[in-house]
Ligand SMILES: C[S@@+](CC[C@H](N)C(=O)[O-])C[C@H]1O[C@@H](n2cnc3c(N)ncnc32)[C@H](O)[C@@H]1O
């Protein structure tokens, strides 16, 4: 049977007698099919089994249409490919963040897009009852091993596997820019109890030191992504409270190489470009007057937090 005939037959079966019930069933099936299509595109790209041109053709789109549609999502889901580097090289968060990211009265906290647990550990150590939601299995496995007292769940910001009004606070560290925000805002509002808070957090490298600026220049040569670290949130959230903390992350030359290797745009580079960038970072670490010969390096960061309350 021709694939279009098959599609029409399946659609007619699913829609059944039509009406709102039929519409709901059709929408559910379309969403599941779209999800499967995205998984397939991801598999084909990760294994480098098909070009964007070929994927576009298979989907009845241009190459540009296919990349526009899926490349952002692929990058958002690429961290698991460098989970070990992520866990070793990425900074945690300063203790002073807790007071502003999570209100004093909160008990049940959701760490959304929790990665390998850089913030989750801090929340658990503060005595909070923490659920960590993370879509990538590789990241989740490391998170569960590193922070065994957190309840680790598979899920995403667009489909949070928690009941309505079940947490007092949601924190999103270094991940908000990867979400489909139009879907994430109502989903986060759904799981928050009345008056609950949402905190969006980013670690930004402070490039005041010449060596940190030189490292940034190397990294920026292949990164064009601009992240808004002071976002404005729509209703039902209220006015933002903002905080900035300057601090230093103690690391090593190997930690800095892993920090670079775990950036999504570095994971996405062709292998030769990735190897060249990491070799250039290694060269900088060995030769820059501010870095050469140092076994321990204090990496300066600014942590930015925007907190909003459910109206
Ligand atoms: C840069 S990492 C941040 C991890 C951790 N929160 C931290 O502070 O280190 C971004 C994380 O968001 C996850 N992620 C990507 N898209 C997501 C989505 N739609 N919903 C939830 N998490 C997502 C990625 O798998 C990744 O672990």
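General observations
- Where strands (runs of 3 or more DSSP E) fall entirely within the range 157-260, those with at least 1 residues that are loosely packed, with under 14 Cβ neighbours inside 10 Å and in contact with a helix residue (DSSP H, G or I) (Cβ under 8 Å, 6 or more places away or on another chain) are at 241-251.
- The one condition in (1) surrounded by fewer than 18 Cβ atoms within 10 Å (Cβ to Cβ); (2) in contact (Cβ under 8 Å) with a residue 12 or more places away in the chain; (3) assigned to a helix (DSSP H, G or I); (4) within 21 Å of the chain's Cα centre (by Cα) that residue 280 fails to fulfil: (4)
- Looking only at the range 133-178, and only at residues there that are within 11 Å of the ligand (Cβ to nearest atom) and at positive phi, the one that is farthest from the chain's Cα centre (by Cα): 155
- Restricting attention to the range 231-258, the residues that are touching a strand residue (DSSP E or B) at 6+ places or on another chain (Cβ under 7 Å) and closer than 20 Å to residue 76 by Cα add up to 1.
- Given (1) surrounded by 13 or more Cβ atoms within 10 Å (Cβ to Cβ); (2) over 30 Å from residue 197 (Cβ atoms); (3) modelled with pLDDT of 95 or more, number of the condition residue 70 does not satisfy: (3)
- Scanning the range 184-243 for residues that are within 16 Å of the ligand (Cβ to nearest atom) and free of Cβ contacts under 8 Å to residues at least 24 places away in the same chain yields 186, 226.
- Odd one out for residue 81, checked against (1) part of a loop (DSSP other than H, G, I, E, B); (2) within 16 Å of the ligand (Cβ to nearest atom); (3) in contact (Cβ under 8 Å) with a residue 60 or more places away in the chain: (1)
- Residues of the range 12-52 classified as at pLDDT 90 or above and surrounded by 13 or more Cβ atoms within 10 Å (Cβ to Cβ), total: 14
- When residues of the range 94-124 are limited to those that are outside any loop (DSSP other than H, G, I, E, B) and more than 15 Å from the ligand (Cβ to nearest atom), the one surrounded by the fewest Cβ atoms within 10 Å (Cβ to Cβ): 99
- Here residue 301 passes the criteria (1) touching a residue at least 12 places away in the same chain (Cβ under 8 Å); (2) farther than 21 Å from residue 228 by Cβ except the one numbered (2).
The values are calculated or read from the model by the stated rules, or taken from the named source; none is laboratory data. All of these numbers come straight from a predicted model, not from anything done at the bench. Heads up, the Cβs are rebuilt from the backbone with ideal geometry, glycines too, and the neighbour counts pull from every protein chain shown.
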